[in-house]
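Novice: Have a look at this one before I ask anything.
The values are calculated or read from the model by the stated rules, or taken from the named source; none is laboratory data. For clarity, every value in this text was computed on a predicted model and none was experimentally measured. Cβ placement follows ideal geometry from the backbone for every residue including glycine, while neighbour counts extend to all protein chains displayed. Surface accessibility is based on the protein's heavy atoms, side chains included, excluding ligands, DNA and RNA. Shrake-Rupley method; radii C 1.70, N 1.55, O 1.52, S 1.80 Å.
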Amino acid sequence: MDYVERVLAALKAKNPGEPEFHQAATEILSGLRPVIARHPEYEKAALLERFVEPERAVLFRVPWVDDGGTVHVNKGYRVQFNSAIGPYKGGLRFHPSVNLSIIKFLGLEQILKNSLTGLPIGGGKGGSDFDPKGKSDSEIMRFCQSFMTELYRHIGQDTDVPAGDIGVGGREIGYLFGQYKRIADEHVGVLTGRGLSYGGSLARTEATGYGLVYMVEEALKCRGDSLNGKTLLVSGSGNVAIYAAEKAQALGAKVVAMYDSNGYIYDKKGIDIAVIKQIKEVERGRIKEYAARVKGAEYHEGCKGIWAIPCDIALPCATQNEIDEESAKMLVKNGVKLVGEGANMPTTLEGIAVFQRAGVVFLPAKAANAGGVATSALEMAQSSGRLFWTFEEVDAKLKNIMVNIYHNMDAAAKEYGVEGDYVAGANIAGFLKVAGAMMAQGIV
Ligand code: NDP
C-alpha cells in the first residue's frame with residue numbers, strides 16, 4: 001500500500017458509514033499522487049492525515065415550533081475543516097438528506113476550492129437536516145433563529161464566515177444574520193450572501209452560475225470554439241442552475257432542459273429563463289408549472305431522463321451524484337463534448353472515468369463552481385473596507401478569477417504529467433498552496 005492508500009484505508013476505518021466523505025477523499029487524494037511523489041516530507045509530517053481530519057466539528061440540537069404549535073428538533077452541523085490559508089469559509093445546507101458524511105465531503109472539497117480562488121479563505125461547511133420545503137416564512141425564521149442561537153458562538157468575521165447552499169438563499173441568510181446581530185451586537189461580515197441593503201455584494205446571487213459559464217467559455221476558447229449555437233442541459237433549477245442558464249443563453253447557447261427533484265422540462269426552442277425565475281424565485285413553485293405556461297414545452301416525471309437528451313454541453317447544477325456511470329455513457333453516446341460541474345460532486349467516480357476515457361472536457365466542481373465562494377470573499381473584502389463595488393466591477397473580478405483558475409489547473413495538470421486531467425489539475429493546484437501553508441505553520 002502506498003501513502004495515499006494507507007491514509008484512505010485509515011480514513012474509511014475511522015469514519016464508517018460516511019460514503020460521500022469517502023468518495024470525495026478518494027477522488028482528491030488519488031489525484032495527489034504525483035505531488036506526494038515529489039514531496040516525501042509531506043508523509044513525515046503526516047500532512048495527508050491532518051488534511052483529511054477536520055480541525056473542529058460542531059454538532060448541535062435545533063429545536064423550533066411550527067405554526068400549529070408542534071415542537072420539532074433538527075440536527076445542526078458546522079465542520080471547520082482547515083484554516084491554514086484563511087478563516088473557515090463555506091455554505092450552510094438545509095436539506096433532509098444532510099448528515100455528517102455530506103457536510104464533511106463538502107467541507108473537504110471546499111478547502112481546495114477556496115484555495116483555487118487565490119483568495120485567503122480556509123474551508124468549512126455546515127447545515128441541517130431541516131427541510132425548508134412547504135414551510136411558512138415564520139417557520140423558516142424561527143428555525144433560522146434557533147440555528148443561529150447555537151452557531152453564533154462558533155463563527156466570526158475573522159474565524160468562520162458561512163454562506164448559503166442548497167435550501168439557504170437570501171431569505172434564510174437574512175434571518176440568520178438578524179439573529180447573529182441581535183445576540184453578538186455587531187454588524188459585521190459574518191455571513192455572506194447578505195441583502196444589498198445590509199452588507200451584501202452585487203453579483204453574489206449570479207456568481208456561481210455565471211462563474212461556471214465563464215470557465216466553460218474559456219475552456220472552449222482555448223480549443224478555438226465558443227458557446228454560440230451550442231445545445232445545453234442544465235440540471236436543477238435553483239440558484240446555480242438559473243444563473244448558469246441565463247449566462248449561457250446570453251452568450252448564444254440554447255438550454256433545452258432543466259429539472260427540480262420531481263421531474264424535468266424539455267423545451268426544444270430554448271428555455272425561457274424569465275419563466276423559470278418567476279416559478280422558482282418568486283412563487284417557490286415546482287418546475288412542472290413551466291410546461292403548463294410555455295407552449296411546446298414538455299414535462300417528464302423523474303430526473304434521470306434528462307441525461308438521455310442529446311446535447312453538446314452538460315452542466316449538472318443540482319446536487320451530488322446526479323450523473324452516474326449509466327447517465328455518463330448516455331451523454332457520451334449522444335455526443336456531449338464538455339461537462340462543467342456547477343453542483344458539488346454531481347458526477348460519480350465511475351461517471352468521471354467514462355467522460356475522461358471518451359475525451360470529454362471535464363471541468364470539476366471545485367474549480368468550475370468556485371465563482372460563488374470567490375464572490376463571497378469579495379463581499380468580505382467590501383465589508384471590511386466599508387466599500388460597495390458596482391455590478392460590473394464584481395463581475396469583471398469574477399470572470400478574471402474563473403479564467404485564472406482554469407489556467408492554473410490546466411498548468412498544474414501539465415506540470416505533473418496528467419495533461420487535460422482537470423480533476424487532478426484542480427486538486428493539485430488547490431492542494432499545493434494549502435500544503436505549503438500547513439508545512440510552514442508546524443504540526444497543528
Ligand atoms: P438551490 O437550493 O437553490 O437549488 C437546488 C436545486 O437542485 C433545486 O432545483 C432542487 O430541486 C434540485 N435538487 C436538490 N436535490 C435534488 C435531488 N436529490 N435530485 C434532483 N434535484 C435536486 O441550491 P443551489 O443552486 O445553491 O446549489 C446547487 C448545487 O450547487 C449544490 O450542490 C451546491 O452545493 C452547489 N453550489 C452552490 C453554490 C451557491 O453559490 N449557491 C456555490 C457552489 C456550489 P427542488 O427544488 O425540488 O429541491
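Novice: Just checking: which of the strands (runs of 3 or more DSSP E) contained wholly in the range 1-96 hold 2 or more residues that are of a type in the set (D, E, K, R) and open to solvent by 70 Å² or more (accessible area, probe 1.4 Å)?
Specialist: 56-65
Residue-by-condition table, conditions (1) in a strand (DSSP E or B); (2) more than 13 Å from the ligand (Cβ to nearest atom); (3) touching a strand residue (DSSP E or B) at 6+ places or on another chain (Cβ under 7 Å):
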position	(1), (2), (3)
I102	no, no, no
L106	no, no, yes
N114	no, no, yes
G124	yes, yes, yes
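Novice: Oh, and also: Can you report the number of residues in the range 356-372 which are under 21 Å from A411 (Cβ atoms), crowded, with 22+ Cβ neighbours inside 10 Å and not basic (K, R)?
Specialist: 9
Novice: Quick check on the range 287-303: of everything there that is open to solvent by less than 80 Å² (accessible area, probe 1.4 Å) and within 16 Å of the ligand (Cβ to nearest atom), which residue is nearest to the chain's Cα centre (by Cα)?
Specialist: Residue satisfying both the conditions and the ranking: C303.
Novice: Checking the structure you have, find out if any residue of the range 193-206 is in contact with a Gly (Cβ under 6 Å, 6 or more places away or on another chain), within 13 Å of the ligand (Cβ to nearest atom) and among the aliphatic types (A, V, I, L, M).
Specialist: no
Novice: Out of all the residues in the range 126-139, which are in contact with a helix residue (DSSP H, G or I) (Cβ under 7 Å, 6 or more places away or on another chain) and either more than 13 Å from the ligand (Cβ to nearest atom) or part of a loop (DSSP other than H, G, I, E, B) (or both)?
Specialist: Listed by number, the residues that qualify are S128, F130, P132.
Novice: Going through the range 194-239 one residue at a time, which ones are acidic (D, E), without any contact (Cβ under 8 Å) to a residue 24 or more places away in the chain and within 16 Å of M402 (Cα to Cα)?
Specialist: none
Novice: Kindly evaluate A381 against the criterion of being open to solvent by 20 Å² or more (accessible area, probe 1.4 Å) and of a type in the set (A, V, I, L, M, F, W, C).
Specialist: yes
Novice: Considering (1) under 28 Å from K337 (Cα atoms); (2) away from the ligand (no atom under 14 Å from the Cβ), say which one Y175 fails and leave the rest.
Specialist: The single condition Y175 does not satisfy is (1).
Novice: Quick check on my filter: what residues within the range 267-285 are open to solvent by 60 Å² or more (accessible area, probe 1.4 Å) and either closer than 23 Å to R204 by Cα or within 9 Å of the ligand (Cβ to nearest atom) (or both)?
Specialist: D272, A274, Q278, E281, V282, E283, R284
Novice: If a residue has to be within 16 Å of the ligand (Cβ to nearest atom) and touching a helix residue (DSSP H, G or I) at 6+ places or on another chain (Cβ under 9 Å) to count, how many in the range 356-396 make the cut?
Specialist: 19
Novice: Among the residues of the range 234-253, how many are within 13 Å of the ligand (Cβ to nearest atom), open to solvent by less than 10 Å² (accessible area, probe 1.4 Å) and under 18 Å from V339 (Cβ atoms)?
Specialist: Final tally of qualifying residues: 6.
Novice: Within the range 57-71, count every residue that is out of contact with any Lys or Arg (no Cβ under 6 Å at 6 or more places or on another chain) and either among the hydrophobic types (A, V, I, L, M, F, W, C) or assigned by TED's automatic domain parsing to the domain that holds Y42 (or both).
Specialist: Total meeting the criteria: 6.
Novice: Confirm whether Y264 is under 18 Å from P346 (Cα atoms), near the ligand (Cβ under 10 Å from one of its atoms), assigned by TED's automatic domain parsing to the domain that holds M330 and touching a His at 6+ places or on another chain (Cβ under 7 Å).
Specialist: yes
Novice: If you scan the range 428-444, which residues turn out to be farther than 15 Å from V4 by Cβ and open to solvent by less than 10 Å² (accessible area, probe 1.4 Å)?
Specialist: G430, V434
Novice: Something else now. Which ones in the range 321-345 are touching a helix residue (DSSP H, G or I) at 6+ places or on another chain (Cβ under 7 Å) and surrounded by 22 or more Cβ atoms within 10 Å (Cβ to Cβ)?
Specialist: Hits for the range 321-345 are I323, S327, A328, L331, L338, V339, G340, E341, G342, A343, N344, M345.
Novice: Would you call D158 more than 17 Å from the chain's Cα centre (by Cα), surrounded by fewer than 22 Cβ atoms within 10 Å (Cβ to Cβ), in a loop (DSSP other than H, G, I, E, B) and not assigned by TED's automatic domain parsing to the domain that holds I287?
Specialist: Yes, satisfied.
Novice: Exactly one condition in (1) in a helix (DSSP H, G or I); (2) crowded, with 22+ Cβ neighbours inside 10 Å; (3) in contact with a Leu (Cβ under 9 Å, 6 or more places away or on another chain) is false for G425; which is it?
Specialist: (3)
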